[in-house]
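Just so it is clear, none of the values below were taken in a lab; they were calculated from the coordinates. Owing to the predicted nature of the structure, the values given are computational and were not obtained by experimental measurement. All Cβ positions, glycine included, derive from the backbone under ideal geometry; neighbour counts span all protein chains shown.
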Amino acid sequence: MAYFVGLTAALVGNVVIGTGQCMQKSALNSLQRSGKQTPRYKSPLWVLGLALNYAGEIFGNSLALSYLSAAVVAPLGIVSVIVNLLLAERFLGERVTPNQRFGFSVIMAGVACILLVAPRKAAASTAAEFIDVVASSGILTLFFTLFFVQAILILLIRSGRQSLLLYVVVASIFGSMNVMASKLLTMFMRLRLTTA
């Protein structure tokens, strides 16, 4: 049952995110057509789209991470891209090529394969077991190592060494740290609240 709760939360959250992204793009198009130099944050549609992005992440993906492994939740992010694509094609008049459709169908097939083989049982059933698993797994060492590497890379960028590769690596490390921290926090909170 927990697997399906997490799966539903991730799917709904990503549909909300994709919708929010399309709303933001629509707002930006409207601002551009108006010819005024209005900041995007003054557009109610853009702000609503941003709020939907955050709501999808917090109430969808974060909740899903407390029930599913990050290896399942992360690939489901493609749902937001596909929703955005479909809405942009329908409401914003953007053209989607056959190659893009084929690419998305291949990605969706890959996500379906991941869902079929994903583990459905949690590593811990109580908060105390969870703390023991986390402490013995080495994930905290990995987290702090990534934090240290990230800090060094940011210092390199700030000192003048700017390259696309550095920016991509910093963004990737930040993303992985974000997923790890979200997974640890939401899993602990769920176990603490349900087994207290």
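For the reader, a short list of remarks on this structure follows.
- With the convex hull drawn around the C-alpha atoms of segment 78-156, the volume per residue stands at 195 Å³.
- Size of segment 98-196 as Cα extents on the principal axes (Å, biggest first): 50, 44, 20
- Estimated translational diffusion coefficient (Stokes-Einstein, Kirkwood radius over Cα pairs, 20 °C, 1.002 mPa s) of the chain: 112 µm² per second.
- Segment 1-103: GluC sites (Glu not before Pro) in DSSP loop, at most 12 other beta carbons within 10 Å: none
- Tail beyond 16 Å, pair distance distribution of segment 7-71 (Cα, percent): 49 percent
- Of the trypsin sites (Lys or Arg not before Pro) in segment 22-92, those whose Cβ has at most 12 other Cβ within 10 Å and which sit in DSSP loop: K36
- Under 12 Å from the L45 label point (7 Å along Cα→beta-carbon), backbone N, segment 7-35: 22-34
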